[in-house]
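Please read the structure below before turning to the comments.
The values are calculated or read from the model by the stated rules, or taken from the named source; none is laboratory data. Given the structure is predicted, the values throughout are model-derived calculations rather than measurements. With ideal geometry, Cβ positions are generated from the backbone for all residues, glycine too; neighbour counts draw on all protein chains shown.
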Amino acid sequence: MDILHCMKVFARVAQRSSFAATARDLRMSPAAVTKHIAYLESRVGARLFDRTTRKVGLTEAGRVYLEHCLECVQAVADADASVSELSKQPKGHLCVTTPIDLGNQISPIVAQFMRAYPQVSVELQLSNRPVNLIEEGIDVAIRVAASLDGSAVARQIALTQVAIFASPAYLDKHGRPRRPEELEQHHGLVFLEPRPRDEWLLRRGETSARIKFKGMFTTNSGAALSIVAAEGVGLVVGPSFVTRADFDAGKLEQVLPEWKVLPDLYVYAMYPHRRFLAPKVRAFIETLRAALGDGTKDPWWPPTLLAPAIEKLSLRPTPARRSAARARATRRPSRP
């Protein structure tokens, strides 16, 4: 029997001093009211009411019990009201975890969210390891993957394209690969966590090739891979949110830009439950999607930027091209 409902029935009988009136108020039968009171008396091991044919009054034990029952009923009402209020307005504490290399991309969005919802405090954890959202008390886990397990509760918030990069100095020294199989002759920089990513599938039209890098340098930091690649140590396969800045700065050059590296990686926002999603979680996910796009585009390397970048890279003057250009200039006849 529901103890809280029994307490409510008991409190109403005490207020009305009548089993019959209580039955009418709560739309119960008098026998059901009697059953609820009998259950409580059996539970506490004491008589709660003195009953006569004309009067129902509280015993001493009943008066003590009523005081605590009213506190319990009020506490439950307050709890319901507080949760109901939370269901309308984002507030409380929000715990978010994101991969290490996404931290710099997500932090400005977190700041935007906190300005919009000042009643929410945020804890941002940077980690590449798999997490148990429920056991670790995490509200939202942002993860980068080709796909998620079917049991995961998540929303896709962005696409991040993957490409092969190396420093211009490294390529000038070791040569620019023209075919995928030539990649295996080069030093590879490999992302390590949660598992080594040293094997990739490349595709151009209907042709595909699978390559495996020799891991000369491994780390769980994509930023470290990009830095080491920019220093001329080897080739790196990196997502756009890691490599874009060094590419724009001219520190990295795209290798085999006409070949697509598979699979594409997606950014997901995972959360523990699909039903009764807390307003703070819903608002944060919507803030992420508003900042990053509709979930199907790459906000760090849009397609409109990728094509010109490839064209620019394919025309980048190499030492051989510069020598050929000088030779053509010397052979060019002068104007009369």
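Only one of (1) surrounded by fewer than 18 Cβ atoms within 10 Å (Cβ to Cβ); (2) farther than 26 Å from Arg129 by Cα; (3) basic (Lys, Arg) is not met by Arg274, so which one is it?
(2)
Take Ala111 and decide whether it is part of a helix (DSSP H, G or I) and under 19 Å from Ala291 (Cβ atoms). Break it down into steps so the answer makes sense when it comes.
Values: part of a helix (DSSP H, G or I): yes; under 19 Å from Ala291 (Cβ atoms): yes.
Yes: the conditions hold for Ala111.
Exactly one of (1) at pLDDT 90 or above; (2) not aromatic (Phe, Trp, Tyr); (3) not assigned by TED's automatic domain parsing to the domain that holds Thr243 is unmet by Gly150. Its number?
(1)
On the given criteria, is Pro99 exposed (fewer than 13 other Cβ atoms within 10 Å of the Cβ) and in the same structural domain as Ala145 (by TED's automatic domain parsing)?
So Pro99 fails the test.
Can we say Glu199 is under 26 Å from Leu102 (Cβ atoms), modelled with pLDDT of 90 or more and exposed (fewer than 14 other Cβ atoms within 10 Å of the Cβ)?
It is false that Glu199 is under 26 Å from Leu102 (Cβ atoms), modelled with pLDDT of 90 or more and exposed (fewer than 14 other Cβ atoms within 10 Å of the Cβ).
Among the numbered criteria (1) assigned to a helix (DSSP H, G or I); (2) touching a residue at least 12 places away in the same chain (Cβ under 8 Å), which single criterion is violated by Leu189?
Among (1) assigned to a helix (DSSP H, G or I); (2) touching a residue at least 12 places away in the same chain (Cβ under 8 Å), Leu189 violates only (1).
Give region 46-69 a look and list any residue that's assigned to a helix (DSSP H, G or I) and surrounded by fewer than 14 Cβ atoms within 10 Å (Cβ to Cβ), or say none.
Step one: filter region 46-69 for residues assigned to a helix (DSSP H, G or I), giving 60-69.
Scanning region 46-69 gives Glu60, Arg63, Glu67, His68.
Can you find even one residue in region 150-167 that is in contact (Cβ under 8 Å) with a residue 40 or more places away in the chain, among the hydroxyl-bearing types (Ser, Thr, Tyr) and touching a helix residue (DSSP H, G or I) at 6+ places or on another chain (Cβ under 6 Å)?
Taking every residue of region 150-167 in turn, at least one turns out to be in contact (Cβ under 8 Å) with a residue 40 or more places away in the chain, among the hydroxyl-bearing types (Ser, Thr, Tyr) and touching a helix residue (DSSP H, G or I) at 6+ places or on another chain (Cβ under 6 Å).
For the subset of region 259-282 comprising residues that are of a type in the set (Phe, Trp, Tyr) and touching a Lys or Arg at 6+ places or on another chain (Cβ under 6 Å), which member is farthest from Pro99 (Cα to Cα)?
Trp259
Might you let me know whether region 193-208 holds any residue that is more than 15 Å from Pro257 (Cβ to Cβ), free of Cβ contacts under 8 Å to residues at least 24 places away in the same chain and of a type in the set (Lys, Arg)?
yes
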